[in-house]
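Visitor: Pasting a structure here, questions to come.
The values are calculated or read from the model by the stated rules, or taken from the named source; none is laboratory data. What you are looking at is a predicted structure, and each value in this text was computed from that prediction instead of being measured. Cβ atoms come from the backbone with ideal geometry, glycine included; neighbour counts cover every protein chain shown.
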Amino acid sequence: MDCEKCTEYLADFLLDELPEAEAVLIQEHLNLCPACMKAYRELKGTGKMLEAVPAMRPVQGTPDFSRAVRAEASVESAKIIRALPPEKRLRVEARRAARLTKFASQRSEKVSRSRVWGVVLALIIGVTALILIFFTGKNSLLYPHTQLGALSLVNGAVETGNASEGRSPRAAHEGETIYAGDTVITPEGGRARIDLNDGTALFIGPSSHVTLEPQSSSVDAFSISVESGELGVNKPLANPDKNAPRLMKWDVHSDLGLVLPDPGTQLFVNVTKNGSAFDGSALVVSGSAIVVSRHAGTEVTTTLGPGSKYLEGSGQPKGRTESVVGARVPGWRVELATEADLQRLFNGRVKLRSRSSSGVEVELTYGRETKQLTEDWLPEPAGPSTLSKRPDGAIAVPNARFAHIVPFAGPISMTLTLNRDVRAERSLAFGALYSPERGVSVDVSRDAVMQVRENNTRAHSSNLSARKESDKPEKLGLEIKTDRGGYRASMSSRDEKSTGYTLPPNFGEKPGQLWLQGLSDGIAMDEIKISGTIPSEWLSEALSRLGKQ
Amino acid sequence: MSDEDLMHLCQDGDEAAFEVLFQRYEGQALSFINRLVGDQSRTEALGQEAFLRIFKDAKSYQYPRSFTTWFYTIVRNLCKNELRWRSRHPTVSIEDSLSSSHGGGEDSARVGDYLQSAGTSPLDEMVSRERDQRLEKALEALPEAEREVLILNRFQGLKYREIAEVVGVPVGTVRARIYSALERLRKSIKDYL
């Protein structure tokens, strides 16, 4: 199966019109070819969106319609029956009575038959779910001083030590090499991140004690032992590139038992000690993992999928599994987001300024040198990312549509440098939107008019003398700063700055969104610059999504 | 009892058999008419005529041929007649002429204008409304031959073979028309996918 053939049959595949053998070939090709998969998803998305078109919605007849049809049908039926020979007319009546009785009994039979099939299907699914998946053996031993990775982030008074080498815990520092046998200890409120050599990221939460223990009988395997606290694991998919590092053999060991995440899994293990008792859980955010635990001397294996949480400990039945709706990485992991993580999330130039539990303060710059603008990093479902590049390198903003939407927690600033070719009559608006329920929006238009709306009513409007000279670059900016316990919005152009307007007290209670909207064709920018705090809630969700890709 | 058996009984004027067919096809037929003709005020009138044809045209049904394709052929022909009549007697809606005068520019809707949308975010509201409008326009702009096969397949759930029988063209043509229609629609909302 090649791409040309696949494209030819894509609609047939989508519409379930292909024989099974050919459908399997298409499915296999789609799994291997991202371009065809993209085309398929677009086609499927189009079909799905069609259902939302109001003119295509199903309609039902009114009672008047049904009455009219039945009345007229009765007349037409009588005409036909009248035209039948007398003996046939009698036969029709008799047949009709018999058929109606049979029809009723067939219906009830069908219902009970479908119930039996339902039970059989449930049994098959149950048995399949019980099939155990193999897991790697533990027949190896790491040589001492084997480098496993590096401590890439340290937050608080984190310590590292190595009991097997007699090295007692001492203050850790970012960039420190992590060897087999090393222990990382985080204090209350502290966190650390280890980047393993195979690309796996280990996030060690507050009050945690984690050791990378060599296994007893293997040359290349180790156990990540969680004595207490929280460990987040982001295990990448195997990289098919021959030169890429191969995934190492390791498992996560704790009082819960062994946890074996599959490649491409985000997992969080939490163990709280209470004397000799413990409470523990293993939550899979994306991917899958196996938990091997021991109950009454017997090994029990549990398979966890996305959103499955395995729980064990005091006051709970052994090995309980529950489903967590909307499972995602915990907020503390946001503090351990590296610049590389953010670069993966945002296309553009990201400058990381600071991290905190409420979010990550960044400076995002989209300019002529930004290569890719259309990556889907936007929060779902925020709309299309439709910025594009003009041949001269400027950023084109399409007409009447959301070009970019950035979640933020104030304070924030957004500055646009308009391309000098943009003529005066071309308009745009950009601004900040907060709390749709209580409704406050601040926007700045091309005419350098700032408007504040509260509950859909204009609360403020001010303007600067906008420059509209086609031969000079133009700048428009919106800044929302903290001011006496609240927020104040002001606007700026190339030569002027407004005094500002104090926003309603509810502004900033919850994270909001920044937006940019073209209101006519031909809008283009030389640069878009945004600085502010990306809220941890959104980042944690975005990081969860990133793991699922 | 199958649709075909019921229709066979209708050929002898069986009202009870008609009732079962009516219940099975009422929603489907009215939705199909409304989708194809796009005029709710005419939907029920055409629907009424379509169902009466079950008795009126009963002789043209050849048992045990598919009732679905026979009935859809009738409904489609009624809709085609309606559209043909309408194309010869065009009317202009006052609402349409008013809305077409509304242009873009600084007066265009901004995000802030959707603040009071209940339940969903104003951003989502505006994007989905714009996308649906664009898709609706693209759907209206499809050539009639493509539009009807797309509706028969995507919304009425008919297979290529059945559509070929209803429309009276080879299966290959149906396939090509559906693909072409989906491609046109995909292109029209590419930015939203």
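Visitor: Could you grab me the full set of residues in region B:30-44 that are in a helix (DSSP H, G or I) and within 9 Å of chain A (Cβ to nearest Cβ)?
Guide: B:30, B:31, B:33, B:34, B:35, B:40, B:43, B:44
Visitor: Taking region B:149-168 on its own, how many of its residues are in a helix (DSSP H, G or I) and touching a residue at least 40 places away in the same chain (Cβ under 8 Å)?
Guide: To start, the set of residues in region B:149-168 that are in a helix (DSSP H, G or I) comprises B:149-155, B:160-167.
With touching a residue at least 40 places away in the same chain (Cβ under 8 Å) added as a condition, the list becomes B:151-152, B:155, B:162, B:165-167.
So the answer is 7.
Visitor: Filter region A:38-57 for residues that are surrounded by 13 or more Cβ atoms within 10 Å (Cβ to Cβ), touching a Lys or Arg at 6+ places or on another chain (Cβ under 9 Å) and not in a helix (DSSP H, G or I) and give the result.
Guide: Within region A:38-57, A:52 is the sole residue that qualifies.
Visitor: So residue A:512 ticks every box in (1) surrounded by fewer than 18 Cβ atoms within 10 Å (Cβ to Cβ); (2) closer than 16 Å to residue A:454 by Cβ but one. Which box is left unticked?
Guide: (1)
Visitor: Pull up region A:58-75, narrow it to residues that are surrounded by 13 or more Cβ atoms within 10 Å (Cβ to Cβ) and among the hydrophobic types (A, V, I, L, M, F, W, C), then point me to the one that is farthest from residue B:20 (Cα to Cα).
Guide: Here the answer is A:59.
Visitor: Every residue in region B:169-192 that is touching a residue at least 24 places away in the same chain (Cβ under 8 Å), more than 9 Å from chain A (Cβ to nearest Cβ) and within 16 Å of residue A:18 (Cα to Cα), please.
Guide: The one that is touching a residue at least 24 places away in the same chain (Cβ under 8 Å), more than 9 Å from chain A (Cβ to nearest Cβ) and within 16 Å of residue A:18 (Cα to Cα): B:174.
Visitor: Within region B:8-21, track down each residue that is more than 9 Å from chain A (Cβ to nearest Cβ) and either out of contact with any Pro (no Cβ under 9 Å at 6 or more places or on another chain) or at pLDDT 95 or above (or both). Give the derivation first.
Guide: Of region B:8-21, the ones more than 9 Å from chain A (Cβ to nearest Cβ) are B:8, B:21.
B:21 - this is the single residue of region B:8-21 that is more than 9 Å from chain A (Cβ to nearest Cβ) and either out of contact with any Pro (no Cβ under 9 Å at 6 or more places or on another chain) or at pLDDT 95 or above (or both).
Visitor: Take the conditions under 18 Å from the mean Cα position of the chain (by Cα) and more than 8 Å from every other protein chain (Cβ to nearest Cβ) and apply them to residue B:24. Does it pass? Spell out the reasoning first.
Guide: Details: under 18 Å from the mean Cα position of the chain (by Cα): yes; more than 8 Å from every other protein chain (Cβ to nearest Cβ): yes.
Spelling it out, residue B:24 is indeed under 18 Å from the mean Cα position of the chain (by Cα) and more than 8 Å from every other protein chain (Cβ to nearest Cβ).
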